[in-house]
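Laboratory data are not the source of any read-out in this text; all were calculated from the coordinates shown. Only a predicted model underlies this, so the values are computations on that prediction, with no experimental measurement involved. Heads up, the Cβs are rebuilt from the backbone with ideal geometry, glycines too, and the neighbour counts pull from every protein chain shown.
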Amino acid sequence: MRWQRGRRSGNIEDRRGRGGGRRAVAGGGLGILAIAVVAMLLGVDPGAVLQMGGGLTGSPQQQSAAPDPAQDKLADFVSVVLADTEDTWNEIFRQLGHDYPEPTLVLFSGSTDSACGFASSAMGPFYCPGDQKLYIDLNFYRELQQKFGAPGDFAQAYVVAHEVGHHVQTLLGISDQVQRAKRGASEVQANEIQVRMELQADCFAGIWANHAHRARHVLEQGDIEEGLTAAAAIGDDTLQRRARGYVVPESFTHGSARQRQTWFFRGLESGDLNQCDTFSGNI
């Protein structure tokens, strides 16, 4: 992925090594953490866990202030990816006749607070609609590569673009509609609705890639394969099979590997919001 010459976002909030404290910066920084991706492995919706706030147990990890050049480069990278999503979605929203309030990306280590409650890095990257911020512990990328077999910078960019997709859903009113639909639904029905929401965020990530490449030629050979590999690596069936040895489709909250690949590629191929209606028909 061609990113080094890209614009850096000013919407980065660096909380790493500060035990949940906050320090705003314009791009760059470094961080340390260990990711378990527990919520996804167990088939639990991280957003639902976040809503429990103080219900999470455990104390924040001891943080190290030692510089880490690899983490510093990753922080720079995600700042460029975030900036690129800003350029893409600002233009799409402009064409729709709307403003695009840009989200903030929070870099943290181990644990932090959010408007959705206290958050642990074990949940993996997430978006909180309450404060319209994305949260990521950069060591997730090491887990993505080493544990889940999804290396590459475009795989890393896909993760950010997916969370930005949830921000787009919030701005378009889709998130509120989903929450209303889940009220009173059975657990299985609520899971299915959540899966459709996650697949749409995958499709929106693909739309970003389409527009970014057409406007700024960011994709290189092999990048699309990296994105599809990442989508499959964090499919519910892949994660459950790895954690349990078997799959329970009724407990899916993000979609199967095939579904995630299909909807990401649909957005990538079309670049069209109208192609991302995961709430109608079969998925």
>> Quick check on the exposure proxy: order Glu226, Glu198 from fewest to most C-beta atoms within 10 angstrom.
In response: Glu226, Glu198
>> Could you work out how much longer the chain between Asp68 and His98 gets when fully extended? Use 0.36 nm per residue separation minus the Cα distance between them, nm to one decimal.
In response: 6.8 nm
> What is the spin-label model distance, in nm, from Glu220 to Ser270 if the labels are put 7 Å beyond Cα along the C-beta direction?
Replying inline: 3.1 nm
>> Can you find, among Gln177, Gly245, Ala212, the residue sitting farthest towards the positive end of the charge dipole of segment 151-246, where Lys and Arg contribute +1 and Asp and Glu -1 at Cβ?
In response: Gln177
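Arrange Asp131, Asp153 by Cβ neighbour counts within 10 Å, fewest through most, would you? Write out the running numbers ahead of the final one.
On the way: Asp131 15, Asp153 18.
Least to most surrounded, the residues fall as Asp131, Asp153.
Does segment 173-273 come out rounded, prolate or oblate by the C-alpha gyration tensor, with a ≥ b ≥ c the root eigenvalues, rounded set by a/c under 1.5 and, if not, prolate when a/b is larger than b/c and oblate if not?
Numbers: a/c = 3.83, a/b = 1.41, b/c = 2.72.
Oblate.
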> Using the count of nearby Cβ atoms within 10 Å as a rough guide to exposure, how do Cys203, Cys276 rank from fewest to most?
Replying inline: Cys276, Cys203
> Say each of Val248 and Ala181 gets a label point 7 Å from the Cα, pointing the same way as Cα to Cβ; how far apart are those two points in nm?
Replying inline: 2.3 nm
